[in-house]
1. ³J(HN,Hα) across region 111-127 via Karplus (A = 6.51, B = -1.76, C = 1.60, θ = phi - 60°), whole Hz, x for Gly/Pro?
2. Would the chain count as rounded, prolate or oblate if I go by the C-alpha gyration tensor, calling it rounded below 1.5 in a/c and otherwise prolate when a/b exceeds b/c, oblate otherwise?
3. Could you give the dipole magnitude of the chain about its Cα centre, charging the beta-carbon of Lys and Arg +1 and that of Asp and Glu -1, in debye to the nearest 20?
4. Sort out the exposed loop GluC sites (Glu not before Pro) in the chain (DSSP loop, at most 14 other Cβ within 10 Å) and tell me the longest stretch that has none.
5. What residues have an amide H closer than 5 Å to that of S219, excluding those fewer than 5 places away on the same chain, when H is modeled at 1.01 Å from N in the peptide plane?
6. If I stretch the segment between E170 and Y27 completely, what's the gain in nm (0.36 nm per residue apart, minus their alpha carbon distance), one decimal?
7. How about region 33-74: which chymotrypsin sites (Phe, Trp or Tyr not before Pro) there are in a DSSP loop, with at most 16 other Cβ atoms within 10 Å of their Cβ?
8. Could you derive backbone 3J(HN,Hα) for region 260-277 from the dihedral phi with the Karplus parameters 6.51, -1.76 and 1.60 (θ = phi - 60°), listing whole Hz in sequence and x where the residue is Gly or Pro?
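All of the numbers you see were taken from the coordinates with simple rules; none came from a lab. Keep in mind the model is a prediction, meaning the values are calculated, not measured. Don't worry about glycine lacking a Cβ; one is built from the backbone with ideal geometry, like all the others, and counts go over all protein chains shown.
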Amino acid sequence: MGAQESPDLNEVGMQATRDSRPIHRVYVHGFFMDKTDVTNAEFAKFVEATGYITVAERKPRAEDFPGAPPENLVAGAVVFTPTDRPVPLDDHFQWWSYVPGANWRHPQGPASNIRGRGAYPVVDIAYEDAEAYARWAGKRLPTEAEWEFAARGGLSGKRYAWGDEFRPQERWMANTHQGHFPDHDSGEDGFLGIAPVAQFPANGYGLFDMAGNVWQWTSDWYRPDYYSTLAAAGGVARNPGGPESAFDPAEPGQAKKVHRGGSFLCTDQYCSRYMVGTRGKGEVTTGTNHLGFRGVRDPTQDAP
């Protein structure tokens with residue numbers, strides 16, 4: 001588990017993140033995983049059956065944001081917007097912003113909708129939303145170790161979920177960003193932005209979109225030193241469930257869970273997290289328009 005790259009490479013571009021090292025040995029029990037990310041149509045059935053309201057649809061509570069002006073406490077989500085020109089890549093706030101009214105029904109904001117997009121992954125989903133759906137469906141969210149085991153599809157030590165070449169025989173294998181990030185997506189892989197699920201080849205376990213399209217929540221808290229901790233313990237880590245608490249040195253006060261898989265915004269110019277051993281992270285109450293999830297089920301659980 002993990003990604004093998006020289007430690008002197010930086011955190012951008014076509015290389016692994018430092019927090020995905022060292023490679024360490026892991027064992028996981030067998031489990032079933034959804035073939036695709038949960039779609040808008042599937043999530044709509046959950047909402048219809050339960051009346052569930054996602055985090056992005058709820059007005060933020062003043063007690064959770066002390067000192068925030070009341071006019072800023074508006075329901076919404078974080079949305080990517082291409083810049084109008086090439087920009088330096090040292091400030092992600094140039095292309096990410098909090099958009100009032102953005103949620104799973106309106107992924108880009110109030111003027112957008114999901115009509116005709118039932119087969120697209122549901123996005124703008126916070127961690128508790130994903131957990132709530134999984135419980136309703138008789139499932140749970142995967143641990144990070146389970147996710148990587150599944151993503152590798154039976155391959156060992158490969159850079160991508162399908163092998164070592166990004167485009168074997170010039171074939172696109174995942175929905176990623178082409179053109180110039182963040183101002184222009186050329187759509188050479190056939191999609192401008194997000195794509196419906198299962199538009200690219202499945203991996204060796206029959207799972208679709210384990211790289212690109214949308215990031216996926218896992219159940220592990222995020223710590224950059226977790227792999228080092230497991231490796232230092234020696235032997236094989238059995239069914240690791242992540243650290244007991246979250247810590248991100250860049251934002252020490254934020255509780256974050258691990259994201260995996262990368263998204264339609266990943267590119268070798270800025271974020272190559274479609275590499276199978278690499279990691280992402282996200283604050284648990286924050287949904288974005290390139291983040292979704294899929295569920296897993298233990299063999300002992302009854303099928304939904």
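1. 7, 9, 7, 10, 4, x, 10, x, 8, 8, x, 5, 10, 6, 10, 6, 4
2. Cα axes put the chain in the rounded bin.
3. Charge dipole, the chain, about its Cα centre: 760 debye, nearest 20.
4. Maximal segment without exposed cleavage sites: 12-164.
5. Amide H neighbours of S219, under 5 Å, 5+ apart: T143, E144.
6. Stretched fully, the E170-Y27 segment lengthens by 48.1 nm.
7. Loop-located and lightly packed - Y52.
8. For region 260-277, the Karplus-derived couplings read 9, x, x, 8, 5, 9, 6, 7, 5, 7, 9, 9, 9, 6, 6, 5, 5, x Hz, x marking Gly and Pro.
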